[in-house]
Amino acid sequence: MEKKTSSLTQSLPSIEGGVRGGSFIKTINLQRAFTTEEVRTIALNGVNLEINEGEFVAIMGPSGCGKSTLLNILGLLDAPTGGQYLLGGQDVTPLSEPERDKLRKGLIGFVFQSFNLIDDLSVEENIELPLLYMRLPKAERRKRVEEAMRRMDISHRAKHFPRQLSGGQQQRVAIARAVVSRPKLILADEPTGNLDSKNGREVIDLLSQLHDEGATIVMVTHSQRDASYAQRIINLSDGQIVQEVEL
């Protein structure tokens, strides 16, 4: 299986240089159920979704409709309990957790509502983490971290710790960490949920810029304003797609 994972990683399409292509993400009758001793909860119930390479898609819906569950599966953080998930034309459904972890490195960047920064690490150390997991040489890590900080306009905060930053600055660090590995896919879960309107607009502008440069972006949001930056809005309800709107 290790060999299969390596081959899969190499076969994924490239979007470097802003090249836009065909289907990058595809789910077929995707299902996810959570079972306890007393109850079985259906989070996703037959989701058929297709997202093209280089597309910016917003996923909306009421709380508990399955948005974050779907994002976790697309990000290889979780596996479906039924159906198929094709990434770059390859069926990643049967991969084990270690194989999903290996495939995710360098391919997918995450931006979360709660920032998920490590309090005991400085800004530059937080941003460097994905590169350590990728086992890149120190010189290459240093170069990429400096580039990411410069792009997010946080170079002057390199030695600061998360608690010394504003919410907007923390989200900039989180985005820098998400993009430092140069991922083909960026997944954002309520990226402006903990920010005021000014910082929220700045974060969405940054995501929009990354999309313009060629990244595929899938964003879960409750904000109609944020969703308006996307090319397409997918509405979920009770674990199913109920509407798709092209913008």
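The values are calculated or read from the model by the stated rules, or taken from the named source; none is laboratory data. It should be emphasised that the depicted structure is a prediction, and the values quoted were computed from it without experimental measurement. Note that we place each Cβ from the backbone using ideal geometry, even for glycine, and neighbour counts take in every protein chain shown. Accessible surface areas use protein heavy atoms only, side chains included; no ligands, DNA or RNA. Shrake-Rupley method; radii C 1.70, N 1.55, O 1.52, S 1.80 Å.
Listing for the model above:
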| quantity | calculated |
| --- | --- |
| Mean accessible surface per residue for the chain, computed with a 1.4 Å probe while every protein chain stays in place, in Å² | 47 Å² |
| Carbon + sulfur, % of accessible area of segment 130-226 - ligands and nucleic acids excluded, 1.4 Å | 47 percent |
| Average projected area [Cα convex hull, segment 144-247], square nanometres | 7.3 nm² |
| Rg [Å, one decimal], Dmax [Å, integer] - segment 56-168, C-alpha atoms | 16.8, 47 |
| Beta bridge orientation in the chain: antiparallel %, DSSP, nearest 5 | 55 percent |
| Helix axis angle, 197-212 relative to the chain longest principal axis, alpha carbon, degrees | 80 degrees |
| 0 to 90° range, to nearest 10: angle between helix 2-11 axis and the chain longest Cα axis | 80 degrees |
| Distant-in-sequence amide H partners of G109 (H built 1.01 Å from N, under 5 Å) | L185, I186, L187 |
| Whole-Å semi-axes of the chain's equivalent ellipsoid (Cα gyration tensor) | 28, 22, 18 |
| Calculated Rg and Dmax of segment 20-92 using C-alpha coordinates, Å | 12.9, 47 |
| Residue-by-residue Karplus 3J(HN,Hα) for segment 86-99, coefficients 6.51, -1.76, 1.60, Hz, glycine and proline x | 10, 10, x, x, 9, 7, 9, 4, x, 5, 6, 4, x, 5 |
| Built amide H within the under 5 Å cut-off of S237, gap 5+ | V242 |
| For segment 67-79, Karplus couplings with θ = phi - 60° (6.51, -1.76, 1.60), whole Hz, Gly/Pro x | 4, 5, 4, 5, 5, 5, 6, 4, x, 6, 7, 9, 10 |
| Charge dipole of the chain about the Cα centre (unit charges at C-beta), most positive-ward option of L44, C65, A79 | A79 |
| Surface accessible to a 1.4 Å probe, L71 within the full protein complex, Å² | 10 Å² |
| Exposure rank, largest accessible area first [H160, H222; 1.4 Å] | H222, H160 |
